[in-house]
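What follows is a short report on a single structure.
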Amino acid sequence: MKTTSGITDLSQRRPDPLDFCTLAIQQSRQPVSRCYHCQRCAGGCPVAEAAGITPERFLRLLHLGLLDEALESSLLWLCVGCGACGIRCPNDISTDRVIDEVRALSIERKQIASAVKDQRLFHRLFLRQIRLFGRVHELSLAMALKLLSKNWFSDLLLGQKMFFKRKLPLLPHRVKDRRAIRELFDKGSDR
Amino acid sequence: MGQYGYYPGCSISSSAREYDRSTRAVCATLGIHLTELPDWNCCGASSAHSLSKDIDLALSARNIGIAHRLGLDMVVPCAACYNRTMHAWQTLRDDPEKRAVLQAQLGFDFRADLQVYHLLQVMEQHLAHLKEAAAHRLPEDGVRGRRVACYYGCLITRPRGINPHEDMEYPEGMGRMLAELGYQPLRWSFATECCGAALSLVRGDVVRERVDRIIAAAREAGAEAVVTACPLCQLNLESRQSDRFPVFYFTELLGVALGLPETEKWWRLHLINPVKGLPQRA
Amino acid sequence: MKRIGVFVCHCGMNIAGVIDVQRVVEEVGKSPGVTHAQDYVYMCSDPGQALLRDTIAEKQLNAVVIAACSPSLHEGTFRTAAMRAGLNPYQCEMVNIREQCSWVHSAQKDAATEKAIRLIQATVEKVKQNVDLRAGSMPISRKALVIGGGISGIQAALDIAEGGYEVFLVERQSSIGGRMAQLSETFPTLDCAQCILTPRMVQVSKHPNIHLMVYSEVEAISGHIGSFRVRLRRKPAYVDWSKCTGCGECTAKCPRLVPSEFDRGLSRRKAIYTPFPQAVPNKPVIDRDSCIYFRNGKCRLCEKACPPGAIDFEQQEEIIEAEVGAVVVATGYDLLPVERLAEYGCGKVPDVIDGLAFERLLSASGPTLGDVRRPSDGKVPKEVVFVQCAGSRDPEKYLPYCSKICCMYTAKHALLYKHRVPEGQPYVFYIDVRTAGKGYEEFYHRAEEEEEVVYLRGKVSKIFRDGDKTIVWGTDTLSGRNVEIAADLVVLATAVVHAEGAHELANQLKIQLDAHGFFSEAHPKLRPVESITAGFFLAGCAQAPKDIPDTIAQAGCAASKVLDLFASGRLPTQAQIAVVDEERCAACGLCVPACPYEARILDEERNVAEVDGSLCQGCGLCVTACPNKACELKNLTPAQVNSMVEQLAGR
């Protein structure tokens, strides 16, 4: 999309990224084109600083069909879905829902980007646990996450403290009807 | 007095044990009957809806199905579980296509007259009874009557429409209830500011920053403690704080007002002993 | 014996905050002839005026001096109050101790107090010698002249005509309709412009009170409000309209083609032509500069083709003289020429056009019959870039002001383009989107959302040609990047500027223009339709850029001012006018050229100079011009002036 001098060439908007963006916006059912960048969402977003991009900027990328950049932004994975953007937007745009759509679509189309890999890992491990047990077992979830993200020593003390207060049971609680749970996963799309 | 299907959520038996205990104790004292939903599953929290809308819906719909089969309204202590369950409930109510698919898949008939409540709402419904029960107890206690900052977190009142009972920016239910029981809830600006939620394990630094600001705001408002209604909020506020500011579950404060003897045990379960952190009374 | 009342107003803190009003009252009260002196918080208020009236009655005052703000604000108020208490209004004088004292000497309270005392004392002396005066009135002509036959002139003319008065509607083109006739559809309703305009054009042409004079201009004008003498020149059309049936044969046969002004150069017209199909009157004119016959004596095909023989190469201009009481200036606007915008191609890139040209492309009766095609090769443009603020809001290089209508018409253009070319992509470069009217914000959102117009926030830096594409370099601040678009067509929303000939007209009418060539209003907030010169009213874009709803409103307002003027049929005249002492007058005639209002005449028979009381404004120039001191102003005689000066000097 960028010319050699670094300018974004809009008249060559490739149909594929545009379609993806249009579809994501449509499925989110949010009136994204109404955004006039007042920055209300930006000011209230808890992760905007950490992500280096504000919600309305993210929407702008989608609106212009600049998909690659949207997918590569950290906001896609740092968004916690707190909903502050949505309730403060004068145009009633819940950007968190748009972000959910973009994420889901990127998984569906296998166009997953690499920013904040560990948060995606966290979500995947979380769901894997539910698929296996029907409920989340915090101890093994945390351990698996730390191991796989090679973050072996962080929160070790916290984990210890919680363990000794019996807040991290050794064994998982399990749902009896795990077959129903597995079916539920197999019917829905899951990555 | 009241019969509810209790949907505890995954944290209740682990990181939020004191929440579960205080809830059950308070309800028992008031004669509110909690039937734990048999074979309930995880709601998916933020992970399900982040990766798949279908799975997110189905997980909560299954729990609703279980409650429906028992013919009970649901009461949910955790804000995230409440948010996901309510979302599924509203979808089942408003989207005939999805309702048909989920009903067939999960084998139940949706009933719009069976409600989903957050624990706060149920307690508010029983406020008169609470007051009456509390009136007979002696007020002398290091915790009773403290100045508190009620922290709702981001999911109890958002998005728009998920909670018809509360104002989105300055909710008041918890404060009103605690005020009736002799506490002094303060007006402050961080009641619904997100703590950073599920980022805690991967980006603990972001959560720490958010938590420190929330605690600082509570301090500035003149609070002696923060009160929560969500296991993840509580966990983050306690584990990621740079200080040792007291954080209570609201049900624990109700328990104190009711003069329940087992409160001592709850304090020991906290990561930061909340009672030790309270300033001396004049 | 004069019994004078002096009232010193505090004007809240405006006067009392600087001047020691108590002291003033005390000092002034000592002057002989001052029967009553007091201060009051707000003299202009209802209780203040009641105080004035009551005190006049109670103390049997026969003259009052009110020390307060500027007479231009409240002289009328106090004179009316005094009149209601039975005084002759000219026995009521104001002294300005606010703008001319407390406001300018706020740091020197003592000196300001002294000055106020002296000012009041001076006026007291004047008032002692004031005589009762009576204002006269003069009859006025109750006919109006409306210059300009666009929608503003049309509306003003209709409103005045409906009020029962005769109107001369003068339009320099051969048809009325103005800019609105060039538009395709109007925002926000998307009404077809001609459909809503032509009924009014027809109404004007048929109205018994309106003398429609097209292809005419104002040749000369003299006189003053209520009594203007105008000379109107009807240019020769070289077609006898009384014979012409409007059949169009002449136009069909004419071999000479020139660029059409109406189509902004996108098409060509004949040398004999009607400007557009819905023209009113629908009669052709011959453009002398292009006509082959006038250039080299050949051709005359139109004459041969005309069945009723209406062509008349010998036709002369006609002069019509009229007397009117009021003039409405409704001369409209023009657009900054694209040629002026060097960074946007200097007018040399064929596919860079302005907003009015795009209107012609959209118009069903335009050069492409409503198909949007680019000028260079007639292809249907798939990528169209609209550039807002082309020349507006640019104090350094072009014009500092906002042209007001462009954000809306650009949204309209983008929307209409998308209707015609559904697979096309319109882009709009903007700085802001200003949609202040009723339904305007919603219209803009419709364009953005329904028609998927891509709005990019940033001013375009450069436009140039590359092969058969037109390259646009701009920015989108909302995503923080530079963007480039290879467009098929670029439409510039060029700045709205004054109409051609505005300066000449202003000179002719002797009315004021502002720095940008728009006619000046008497007060920007409270008097938007009156010129500073009495008798001239303004309507439409001649005064400032505006859209059609505002134009109609303003035209109606101007018309209502004219109707006010005409209602009584008479105009009050000045009472404080000059008088000639006929004994002293030597008939030297120096006062005559001295008078700016042409109110002095030399009566050669009686050998005296005379004052026309209905024209004299009491300015006093003739008083100073007269070498014999044979002239004085009523209620400002030399004796009065001398007494005032003595007071001011402190004697």
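Since every read-out is calculated from the coordinates, none of them should be taken as a lab result. The structure presented is a predicted model; accordingly, all values stated were derived computationally and were not measured. Note that we place each Cβ from the backbone using ideal geometry, even for glycine, and neighbour counts take in every protein chain shown.
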Using only alpha carbon pairs under 8 Å that are at least six residues apart, calculate the relative contact order of the range C:4-128 and give it in whole percent. 33
What do you get for the angle between helix A:15-28 and the principal long axis of chain A? Use alpha-carbon atoms, 0 to 90 degrees, nearest ten. 60
Pull up all non-local amide H partners of C:I311: gap of 5 or more, or a different chain, and H-to-H distance under 5 Å with H placed in the peptide plane. C:D240
Within 10 Å, Cβ to Cβ, of C:D287, how many net charges do the neighbouring residues add up to if Lys/Arg are +1 and Asp/Glu are -1? +2
The range C:482-535 pair-distance distribution - Cα-Cα, 10 Å bins, rounded %: 20, 36, 18, 12, 14, 1
Stokes-Einstein D for the range C:50-119 at 10 °C, 1.306 mPa s, Kirkwood Rh over Cα pairs, in µm²/s? 124
Binned at 5 Å from zero, the C-alpha pair distances of the range C:4-128 give percents of 2, 13, 25, 26, 20, 10, 3, 1, 0
Round to the nearest 10 and give me the degree value, 0 to 90, for the angle of helix A:138-148's Cα axis relative to the longest principal axis of chain A. 60
For B:K53, the lysines lying under 18 Å Cα to Cα, once residues fewer than eight places off in the same chain are dropped, come out as A:K110, A:K187, B:K98
Return the sequence-ordered ³J(HN,Hα) values of the range C:209-221 in whole Hz as given by the Karplus equation 6.51 cos²θ - 1.76 cosθ + 1.60 applied to θ = phi - 60°, using x for Gly and Pro. 8, 9, 9, 7, 10, 8, 6, 10, 9, 7, 8, 7, 8
Mind pulling the per residue volume of the convex hull built on the Cα atoms of chain A? Å³ is fine. 159
Only loop residues by DSSP count here, and only those with at most 14 other Cβ atoms within 10 Å; note down the chymotrypsin sites (Phe, Trp or Tyr not before Pro) in the range B:162-223 that meet that. none
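Ranked from highest to lowest mean number of other Cβ atoms within 10 Å per residue, what is the order of the peptides A:19-31, B:217-229? Before the final figure, lay out the partial values.
Working: A:19-31: 17.5, B:217-229: 20.8.
Ranking, from highest mean packing down: B:217-229, A:19-31.
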Around A:K117 (Cβ within 13 Å, Cβ-to-Cβ, excluding A:K117; K/R +1, D/E -1) the net charge comes to +2
Taking every eigenvalue of the Cα gyration tensor of the range B:1-66, multiplying by 5 and rooting it, what semi-axes result, largest first, whole Å? 26, 15, 7
Can you pull the mean other chain C-beta count within 10 Å for peptide A:164-174? 3
Report the label-to-label distance for A:R178 and B:S242 in nanometres (one decimal), using points 7 Å from each Cα along the Cα→Cβ vector. 4.4
Which aspartates and glutamates does C:K629 reach when only Cα atoms under 16 Å apart count, and residues fewer than 8 places away in its own chain are ignored? C:D581, C:E582, C:E583, C:E610
In the neighbourhood of B:C81 defined by beta carbon distances under 14 Å, the net charge of the other residues (Lys, Arg +1; Asp, Glu -1) is 0
With both partners inside the range C:334-497, how many of the DSSP beta bridges are antiparallel, as a percent to the nearest 5? 45
With an 8 Å Cα cut-off and a minimum separation of 6 or more residues, compute the relative contact order for chain C in percent. 13
Note the per residue figure in Å³ for the convex hull of the C-alpha positions in the range C:578-634. 67
Mind checking the dipole of the protein assembly as shown: about its Cα centre, +1 per Lys or Arg Cβ, -1 per Asp or Glu Cβ, Debye to the nearest 20? 3320
If you average over every viewing direction, what projected area does the convex hull of the Cα atoms of chain C give, in nm²? 37.6
Mind checking A:121-129 for the average number of partner chain beta-carbons within 10 Å of each residue's beta-carbon? 6
Once the Cα gyration tensor of the range C:163-269 is diagonalised, semi-axes √(5λ) in Å: 28, 22, 15
Rounded to whole angstrom, the alpha-carbon centroid of the range C:487-509 lies from that of the range C:347-400 at a distance of 15
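Computed over the Cα atoms of the range C:334-497, what is the convex hull's projected area averaged over all directions, in nm²?
9.2
How large is the Kirkwood hydrodynamic radius of the range B:184-225, in angstrom, based on all distinct alpha carbon pairs?
For the range B:184-225, the Kirkwood estimate is 10.9 Å.
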Whole-Hz Karplus ³J(HN,Hα) for the range C:312-317, in order, using 6.51 cos²θ - 1.76 cosθ + 1.60 and θ = phi - 60°, x for Gly and Pro? 9, 5, 8, 4, 9, 5
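Distances longer than 19 Å among the Cα atoms of the range C:309-366: what percent of all pairs is that?
64
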C:A220 long-range amide H proximity, modeled H, under 5 Å: C:R231
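Using only C-alpha atoms and all pairs of different ones, pull out the Kirkwood radius for the protein assembly as shown in Å with one decimal.
37.4
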Using a Förster distance of 35 Å, the FRET efficiency for B:R147-B:L114 (Cβ separation, nearest 0.05): 0.35
Take the cross-link list C:K243/C:K546; C:K418/C:K525; C:K235/C:K404; C:K253/C:K348; C:K30/C:K59; C:K253/C:K418 and give me the ones stretching past 28 Å between alpha-carbons. C:K243/C:K546; C:K418/C:K525; C:K235/C:K404; C:K253/C:K348; C:K253/C:K418
Kindly express, to the nearest 10 degrees and within the range 0 to 90, the angle between helix B:53-70's C-alpha long axis and the longest C-alpha principal axis of chain B. 90
The range C:249-305 - charge dipole about Cα centre, Lys and Arg +1 at Cβ, Asp and Glu -1, debye rounded to 20: 220
So if I take the centroid of the Cα atoms in the range A:51-100 and the same for the range C:183-260, what is the distance between those two points in Å? 57
Long-range amide H contacts for C:E166: which residues qualify at under 5 Å (H placed 1.01 Å from N, peptide plane, sequence gap of 5 or more or a different chain)? C:A144
Let me have the relative contact order for the range C:150-287, percent, based on Cα pairs under 8 Å that are six or more residues apart. 24
Antiparallel DSSP bridges in the protein assembly as shown: what percent, to the nearest 5? 45
Would you mind estimating how fast the range C:441-498 diffuses translationally, via Stokes-Einstein at 10 °C and 1.306 mPa s with the Kirkwood radius over Cα pairs, in µm²/s? 120
Step through the residues of the range C:511-523 one at a time and calculate ³J(HN,Hα) from phi using the Karplus curve (6.51 cos²θ - 1.76 cosθ + 1.60, θ = phi - 60°), rounding each to whole Hz and writing x for Gly and Pro. 10, 9, 10, 8, 4, 9, x, 8, 5, 7, 8, 5, 8
Hull volume in cubic angstrom per residue (convex hull over the Cα atoms of the range C:249-305): 77
In straight Cα distance, which aspartates and glutamates are under 16 Å from C:K304, not counting same-chain residues fewer than 8 positions off? C:D240, C:E249, C:D312, C:E314
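For the residues A:H137, C:H211, what sequence is obtained by ranking on other C-beta atoms within 10 Å, fewest first?
Ranking A:H137, C:H211 by Cβ neighbours within 10 Å, fewest first, gives C:H211, A:H137.
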Separation between Cα centres of the range C:419-477 and the range C:318-335, rounded to whole Å: 39
At q = 0.11, 0.12, 0.17 Å⁻¹, what is the base-10 log of I(q)/I(0) for chain B according to the Debye formula with one equal point scatterer per Cα and no solvent? Please give it to two decimals. -0.61, -0.72, -1.41
Average partner chain C-beta neighbours within 10 Å, per residue of A:73-85? 6
